[in-house]
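The values are calculated or read from the model by the stated rules, or taken from the named source; none is laboratory data. Remember, predicted model here, so these are calculated numbers, not experimental data. Cβ placement follows ideal geometry from the backbone for every residue including glycine, while neighbour counts extend to all protein chains displayed. The protein model used for the area step is the full one, side chains on, heavy atoms only, and it has no ligands, DNA or RNA in it. Shrake-Rupley method; radii C 1.70, N 1.55, O 1.52, S 1.80 Å.
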Amino acid sequence: MLDICLLGTGGMMPLPYRWLTSMMARCEGVNLLIDCGEGTQIAIKEKGWSPKPIDVICFTHYHADHISGLPGLLLTMGNCEKTTPLLVIGPKGLERVVNAMRVIAPELPFEIQFRELRENEEVIDFAPYKIEAYKVNHRVTCYGYRISIERKGKFDATRAKELDIPLKYWNKLQHGETITDGDKTYTPDMVMGEARRGIKVNYCTDTRPVPVIAEYAADCDLFICEGMYGEDDKEDNAKGYKHMTMTEAANLGKEANPKRMWLTHYSPSMNKPDEYIDKLKKIFPAIRTAKDGWSVELGYEEE
């Protein structure tokens, strides 16, 4: 199971009723955060989740509304007695930016490890997550992220018996181990079927609509996408500041066809994002205008 919570849905500045955009994922005891704007740790508290076991933080880019909550969150994680390493992922300049912010959070009881993104598309494996970063089109270097929980194929017991593979090796083969027994070697591909559909969530914000977004959102269980402006006559604003209108986002959803889609990163001037939903659902029926704290538990497809 993969738990997803959209902690905040605001862009540019936090509001009394809307925290800045941030998403948290939980799976198999490993927690991942995407972006950390001002107020993120309060949003985590409001959700009832804990910041202590955050293992990975992915930054889309380094505008303040996506990273300014980091020093406080790091201190809170330390006060919660976190001692395991924290992996931080982000565009070029990551270590310089994070260390500059740590001037006010210099002493932490855990190590920070850095993974700086330099290519247009990169893959980071951090079990159980497969993290795929892809460059989008904002005023500064910015990435979208797709996180996947991959699912192995079924174990074929009949095939294992036909090959006379000892029962004591079955579990190890299911977990990807290769076994050598005297002059015989048993490999997982001998008894494992093709990989099955796993769970995929795509998160993208602060960008113009570019084809790579729909490519990564295709067939996702959840697509979280920026919807900065609701009015179509603000498309020129969106183009100028390299953001997206809700209509542009809905068209990306229509192209990608995820199972569900949530809009986020609303302009501070947008008081009621859901007033646009009827128009948006005519473009892509599975779209929703998300609110702070929305969460979903995603599981594997039934067979």
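Quick notes on this structure:
- What segment 72-124 shows is 56 Å² of accessible area per residue, with the surface traced by a 1.4 Å probe over protein heavy atoms.
- Size estimate for the chain follows the Kirkwood approach: the inverse of mean 1/r over distinct Cα pairs works out to 20.5 Å.
- The residues of segment 169-224 expose on average 45 square angstrom of accessible surface per residue, using a 1.4 Å probe on protein heavy atoms.
- Only the Cβ atoms of Lys and Arg (+1) and of Asp and Glu (-1) were treated as charged; on that basis the dipole of segment 61-126 about its Cα centre amounts to roughly 220 debye.
- Of Met261, Met228, Pro91, farthest towards positive along the dipole that unit charges on Lys, Arg, Asp, Glu beta carbons give the chain: Met228
- Within the shell of other residues whose beta carbon sits under 12 angstrom from the beta carbon of Glu95, the net charge comes to +3, with Lys and Arg scored +1 and Asp and Glu -1.
- Of all DSSP beta bridges confined to the chain, the antiparallel ones make up roughly 60%.
- The apolar share of the surface of the chain, taken as the fraction of accessible area on carbon and sulfur atoms (1.4 Å probe, ligands and nucleic acids excluded), comes to 47 percent.
- Using only side-chain charges placed at the Cβ, +1 for Lys and Arg and -1 for Asp and Glu, the dipole size of segment 159-303 relative to its Cα centre rounds to 140 debye.
- For segment 160-286, average projected area of the Cα convex hull in nm²: 11.4 nm²
- Qualifying GluC sites (Glu not before Pro) in segment 180-236, DSSP loop, other Cβ atoms within 10 Å at most 11: Glu194
- Calculated P(r) tail over 22 Å for segment 46-184, as whole % of Cα pairs: 55 percent
- Rounded to 5, percent antiparallel among DSSP beta bridges of segment 26-151: 50 percent
- Cα Rg, Dmax, segment 116-232, angstrom units: 20.5, 70
- Pairwise centroid distance, computed over Cα atoms, of segment 62-121 with segment 164-214, Å: 31 Å
- Dipole in debye (nearest 20) - the chain, about Cα centre, beta carbon charges: Lys, Arg +1; Asp, Glu -1: 320 debye
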